[in-house]
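Step one of this worksheet: look at the structure below.
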Amino acid sequence: MKMPENWSGRRTLAAVAASSATLIFCLVLLPAPGYGQSLTGRWVATGKTMDNGEVRKAILELTQTGNDLTGKLVEFGGGTGVKGTATGNHFELFGVGWDDKMPFLVGDLVNGELHGTRWNEAFVAKPATPADEFPKLPHLEPPALHNVTYNGLAKTPPMGWNSWNLFAEKVDDQTVRTMADAMVSSGMRDAGYIYVNIDDTWQGVRDAQGNLRSNHKFPDMKALADYVHSKGLKLGIYSSPGPRTCAGYPGSYGHEEQDARTFASWGIDYLKYDWCSASNIYKNEMLQPVYQKMGDALAASGRPIVFSLCEYGRGSVEKWGSAVGGNLWRTTDDINDSWESMIANIEGQAPAAPYVGPGHWNDPDMLEIGNRQMTDEQYRARMGDLGGVTASSQRTHMTDDEYRAHMSLWALAAAPLLAGNDIRIMSEVTKSILLNKEVIAVDQDALGKQASPVKSGDLETWVKPLADGSVAVGVVNLGPAPTRAKVRASDLQLGGEVKKARDLWAHTDVNFTGGAYSATVPSHGVLLLKVSAK
């Protein structure tokens with residue numbers, strides 16, 4: 001999950017807010033003449049016991065100058081700058097570099113205590129102690145750069161399912177098994193979705209030899225992998241190059257080779273490696289050697305494991321991702337179930353198109369298709385109650401036309417297709433989108449080219465060359481009203497007249513007349529054609 005440049009733990013905060021009981025904050029309060037009780041000092045927040053037995057903790061350092069507040073918030077998974085204001089006994093704090101319109105932490109001094117809410121979770125402030133410090137970790141210098149040998153995997157964009165969007169930290173062994181069953185019964189597996197990927201919060205703690213164990217939610221990871229494999233599927237897992245993951249669980253910092261061997265012994269087939277708290281130790285200039293260290297470890301593990309880099313597009317990853325053994329790499333911020341987020345992500349990775357090809361893919365993040373069916377509880381688990389959204393009526397999501405545009409654009413961009421919805425209860429419309437074999441074939445085309453957009457008014461046209469000499473053409477309507485779109489054969493570089501054209505959503509052949517084909521595209525909808533001169 002993507003955080004601002006100075007923050008690798010916003011997802012940690014969301015997880016805390018979504019699942020913690022009432023937080024207890026501790027504060028050292030120092031007097032400031034003329035402003036009553038000053039907020040300058042150190043706060044310590046303790047929350048629920050995590051699934052690995054550790055207790056969540058956050059330390060907030062604040063400095064008050066007049067009515068202005070500045071400082072830093074640090075948790076297991078990372079840290080961020082904070083800023084805000086104090087008016088009398090009331091204060092409000094924002095994350096530095098965040099785009100939030102509302103403060104995430106609000107409170108008041110009441111009878112010598114600090115009472116407030118942090119993303120809708122109540123807290124009470126009490127004095128801190130020196131024992132609340134996080135342990136200081138040694139700085140481990142990354143290795144010298146070299147090229148990691150290609151592992152021969154992901155010759156087409158990986159397809160599968162990831163747990164985070166739907167379950168967040170509430171994923172467990174039984175849930176993964178039921179999702180694997182649903183991958184088969186729904187037809188997802190046979191359509192090409194083969195990876196079942198466990199995201200964050202599976203981790204336990206390290207034993208005396210430094211081996212990372214799974215927590216009580218996953219009592220036997222090897223047995224789970226065997227079950228998933230028995231269904232004709234593959235199992236993925238999650239870690240971080242930092243000491244902590246984005247949700248505050250142990251990362252692979254200093255244990256890369258050890259963890260890679262553990263993953264291989266369990267039968268893991270896919271690793272998502274999320275930058276998270278590594279940003280507290282390394283600058284962006286060190287992304288390549290840091291990711292290379294795990295690339296080397298996976299190569300030496302003795303098992304073929306797809307390597308997914310999750311660094312949110314930092315450091316021009318498309319230029320070096322394959323050199324560190326990466327099979328795919330995030331090019332953008334995290335996606336959410338909104339038209340604006342989806343379009344921003346796919347357009348944002350357009351400059352990286354030249355670096356795509358078999359074995360190495362740009363990743364604009366997971367599919368949101370079908371997440372309109374997410375329950376309020378599932379939504380809060382994912383979003384951490386950010387912004388106070390508590391009911392379906394307050395949530396935003398994409399329409400079916402927008403979901404079809406989403407699927408089309410990911411296919412045109414040769415992007416990984418990793419579903420994030422509840423595939424056990426898919427509607428017929430959701431199935432028709434995710435299981436559209438003609439659209440999937442565009443994504444999985446062996447030539448491995450990524451289309452780039454050309455805009456004309458409200459219309460955006462994407463043309464993708466295909467291995468058989470044909471092209472896939474997508475015309476997306478970015479505007480608020482239905483618009484007539486015209487696809488001209490002369491713009492497609494086919495090397496001859498159009499002999500065949502097919503609408504991949506209507507599943508019907510269409511005719512080019514006078515060298516062109518026209519159709520009405522609904523607002524935020526898509527026209528997707530496959531056109532051939534053969």
Practice task
Identify the residues of segment 445-464 with backbone N under 19 Å of a label point that sits 7 angstrom from the Cα of residue 155 along the Cα-to-Cβ direction, or state none.
Solution key: 445-450
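Rg to Rh ratio, segment 68-221, alpha-carbon atoms and Kirkwood radius?
Working: Rg = 22.5 Å, Rh = 20.8 Å.
With Rh from the inverse mean 1/r over Cα pairs, Rg/Rh is 1.08.
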Practice task
Name the aspartates and glutamates eligible as straight-distance cross-link partners of residue 234: C-alpha to C-alpha under 17 Å, and not fewer than 8 places from it in the same chain.
Solution key: 172, 173, 181, 190, 199, 220, 226, 269
Handout entry: Long-range HN-HN contacts of residue 238 with modeled amide H, under 5 Å
Key = 272
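Quick one: if the Förster radius is 25 Å, what FRET efficiency do residue 431 and residue 340 give, using the C-beta to C-beta distance and rounding to 0.05? Write out the running numbers ahead of the final one.
Numbers: r = 26 Å, r/R0 = 1.03.
That pair, residue 431 with residue 340, gives E of 0.45.
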Problem - Folded to 0 to 90 degrees: helix 400-412 orientation relative to the chain principal axis, Cα - result: 80
Problem - Value at 222 nm in deg cm²/dmol, rounded to 500, when DSSP H runs of n ≥ 4 in the chain each add -39,500 (n - 2.57) - result: -6000 deg cm²/dmol
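Let's test the formula: R0 of 22 Å, r as the Cβ-Cβ distance of residue 63 and residue 284. What FRET efficiency results, to the nearest 0.05?
Details: r = 27 Å, r/R0 = 1.22.
The formula returns an efficiency of 0.25 here.
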Handout entry: Per-residue HN-Hα couplings for segment 239-252 [Karplus 6.51, -1.76, 1.60; θ = phi - 60°; Hz; x = Gly/Pro]
Key = 7, 9, x, x, x, 9, 6, 5, 9, x, 8, x, x, 9
Handout entry: Estimated distance in nm for a label pair at residue 500 and residue 230, the labels positioned 7 Å out from Cα along Cα-to-Cβ
Key = 4.2
Exercise for the section: Can you pull the one-decimal nm distance between simple spin-label points at residue 205 and residue 484, each 7 Å off the Cα toward Cβ? Expected result: 7.0
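Please state the relative contact order of segment 165-261 as a whole percent: Cα pairs under 8 Å, 6+ residues apart?
Working: 126 pairs, mean separation 26.4, N = 97.
With pairs under 8 Å counted, the relative contact order is 27 percent.
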Exercise for the section: For the chain, find the longest principal axis of its Cα atoms and tell me its angle to the long axis of helix 287-299, 0 to 90°, nearest 10. Expected result: 70
Exercise for the section: Only Cα pairs under 8 Å and at least 6 apart count here; give the relative contact order of the chain as a rounded whole percent. Expected result: 13
Practice task
Could you go through segment 216-226 in sequence order and give the Karplus-derived ³J(HN,Hα) for each residue, using 6.51 cos²θ - 1.76 cosθ + 1.60 with θ = phi - 60°, rounded to whole Hz, and x for Gly and Pro?
Solution key: 4, 6, 10, x, 8, 5, 5, 5, 5, 4, 4
Exercise for the section: Would you list, by chain and number, the aspartates and glutamates whose Cα falls below 17 Å from the Cα of residue 534, excluding same-chain residues fewer than 8 positions away? Expected result: 468, 491, 497, 503, 509
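Using 0.36 nm per residue of separation minus the Cα-Cα distance, give me the extension gain between residue 511 and residue 146 in nm, one decimal.
On the way: separation 365, 0.36 × 365 = 131.40 nm, distance 5.19 nm.
My answer for the length gained is 126.2 nm.
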Exercise for the section: Would you list, by chain and number, the aspartates and glutamates whose Cα falls below 13 Å from the Cα of residue 101, excluding same-chain residues fewer than 8 positions away? Expected result: 92
Handout entry: In sequence order, calculated HN-Hα J values of segment 253-259 (Karplus, 6.51, -1.76, 1.60; Hz; x Gly/Pro)
Key = 4, x, 10, 4, 5, 5, 5
Handout entry: residue 85 - accessible surface, heavy atoms, 1.4 Å probe, Å² rounded to 10
Key = 60
Problem - Which labelled figure in (1) 22.8; (2) 24.4; (3) 29.7 is Kirkwood radius over Cα pairs in Å, once derived from the coordinates - result: (2)
Problem - Separation of alpha-carbon centers, segment 47-81 and segment 304-377, rounded to whole Å - result: 29
Handout entry: Spin-label model distance (nm) - residue 533 vs residue 213, 7 Å beyond Cα toward Cβ
Key = 6.5
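If you take the beta carbon distance between residue 319 and residue 181 as r and set R0 to 56 Å, what does 1/(1 + (r/R0)^6) give as a FRET efficiency, to the nearest 0.05? Display every interim value, and only then the final one.
Details: r = 41 Å, r/R0 = 0.72.
E(calc), rounded to 0.05, equals 0.85.
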Problem - Principal axes of segment 98-179: Cα extent on each, largest first, Å - result: 65, 41, 31
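Length gain on complete extension for the stretch residue 99 to residue 454, per 0.36 nm per residue less the alpha carbon to alpha carbon distance?
Numbers: separation 355, 0.36 × 355 = 127.80 nm, distance 2.84 nm.
Full-extension gain reported as 125.0 nm.
Find how much the distance from residue 257 to residue 438 grows on full extension, using 0.36 nm per residue of separation minus their present alpha carbon separation; answer in nm with one decimal. Display every interim value, and only then the final one.
Numbers: separation 181, 0.36 × 181 = 65.16 nm, distance 4.08 nm.
That pair, residue 257 and residue 438, stretches by 61.1 nm at full extension.
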Handout entry: Degrees, to the nearest 10: 10-19 long Cα axis against longest axis of the chain
Key = 70
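Can you tell me how segment 270-383 classifies by the Cα gyration tensor, rounded, prolate or oblate, using a/c under 1.5 as the rounded cut? Intermediate results must be reported in sequence, preceding the final value.
Details: a/c = 1.76, a/b = 1.54, b/c = 1.14.
Cα axes put segment 270-383 in the prolate bin.
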Fill in the blank from the handout: Binned at 10 Å starting from 0, the alpha-carbon pair-distance distribution of segment 424-469 in whole percents comes out as 23, 33, 33, 10, 0
Handout entry: Listed residues 488, 118 arranged by accessible area, highest first, probe 1.4 Å
Key = 488, 118
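Mind pulling up the Rg/Rh value for segment 410-534? Radius of gyration and Kirkwood radius, both on Cα.
On the way: Rg = 14.7 Å, Rh = 15.2 Å.
A ratio of 0.97.
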Exercise for the section: Normalise the Cα radius of gyration of segment 171-316 by 2.2 N^0.38 Å (N = residues in it) and let me know the number. Expected result: 1.04
Problem - Space enclosed by the convex hull of the alpha-carbon atoms of segment 180-253, per residue, Å³ - result: 99
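The values are calculated or read from the model by the stated rules, or taken from the named source; none is laboratory data. Only a predicted model underlies this, so the values are computations on that prediction, with no experimental measurement involved. Quick reminder, even Gly has a Cβ in these numbers, built from the backbone with ideal geometry, and neighbours come from all protein chains shown. Please note that ligands, DNA and RNA were not included when accessible areas were found on the heavy atoms of the full protein model with its side chains. Shrake-Rupley method; radii C 1.70, N 1.55, O 1.52, S 1.80 Å.
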